[in-house]
Each structure stands twice: as structure tokens, then as C-alpha cells.
1. (1) modelled with pLDDT of 85 or more; (2) not in a loop (DSSP other than H, G, I, E, B): which one isn't true of A59, the others all being true?
2. Based on this model, can you work out whether L52 counts as surrounded by 10 or more Cβ atoms within 10 Å (Cβ to Cβ), at pLDDT 85 or above and in a helix (DSSP H, G or I)?
3. Write out, first by first residue and then by second, each pair whose Cβ atoms fall under 6 Å of each other, whose residues are 6+ apart or on separate chains, and whose first residue, in segment 36-62, is aromatic (F, W, Y) while the second is surrounded by 10 or more Cβ atoms within 10 Å (Cβ to Cβ).
4. Criterion first (modelled with pLDDT of 85 or more and hydrophobic (A, V, I, L, M, F, W, C)) does A35 satisfy it?
5. Looking at L45, is it loosely packed, with under 12 Cβ neighbours inside 10 Å, modelled with pLDDT of 75 or more and within 20 Å of L68 (Cα to Cα)?
6. Which of the residues that make up segment 32-42 are assigned to a loop (DSSP other than H, G, I, E, B) and either on the phi > 0 side of the Ramachandran plot or surrounded by 11 or more Cβ atoms within 10 Å (Cβ to Cβ) (or both)?
Amino acid sequence: MMLIIARGVGQGRKTALLTVVGRPVSAWKALREGALNSLTNSKSLLFMLTFLPLFVDPAADPVWLQLLG
């Protein structure tokens, strides 16, 4: 299990320093790992596949644009 701690939030800094159990982690690596976790989460995939089609009109704009907006 990986522990990510954000330090400096709310102390006037524009970006937080991310550390994984004492080691610095780049923001891109944290973003990549978070996105991978979200995309492989079975509960979130089930939610998206169940509810997103209700809000898509195939006759309107391209479907991918509707999903983004």
C-alpha cells in the first residue's frame, strides 16, 4: 500500500509537495497513478457504463464530446 501525503496545502504555496513515505514524488507520477487507479476501479466503471448512456443523444454532437461536456 502506498501512502501519498500532500504538504504545504493552504500555506500560501501554489503546489503541494507530494511524498511517498518520505520520498518525493512528481505531480505527473501521482496523477498517472491516480488515473490508472480510477480507470481500473470496477465500481466506477459500472457506474459510468450504467448512467452515462442516459445522457447521450446519438443524433446530436459526437458522443465523446457529449461525455466530456
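1. (2)
2. Numbers: surrounded by 10 or more Cβ atoms within 10 Å (Cβ to Cβ): yes; at pLDDT 85 or above: no; in a helix (DSSP H, G or I): yes.
Judged against the criteria, L52 is not a match.
3. none
4. On the way: modelled with pLDDT of 85 or more: yes; hydrophobic (A, V, I, L, M, F, W, C): yes.
Yes, satisfied.
5. On the way: loosely packed, with under 12 Cβ neighbours inside 10 Å: no; modelled with pLDDT of 75 or more: yes; within 20 Å of L68 (Cα to Cα): yes.
In short, no.
6. The first filter runs over segment 32-42 and keeps only residues assigned to a loop (DSSP other than H, G, I, E, B), leaving 40-41.
If the condition is that a residue be assigned to a loop (DSSP other than H, G, I, E, B) and either on the phi > 0 side of the Ramachandran plot or surrounded by 11 or more Cβ atoms within 10 Å (Cβ to Cβ) (or both), then N41 is the only one that fits.
The values are calculated or read from the model by the stated rules, or taken from the named source; none is laboratory data. In this text, all values refer to a predicted model and were calculated from it rather than measured experimentally. Counting neighbours? That spans all protein chains shown, and the Cβs are built from the backbone with ideal geometry, glycine included.
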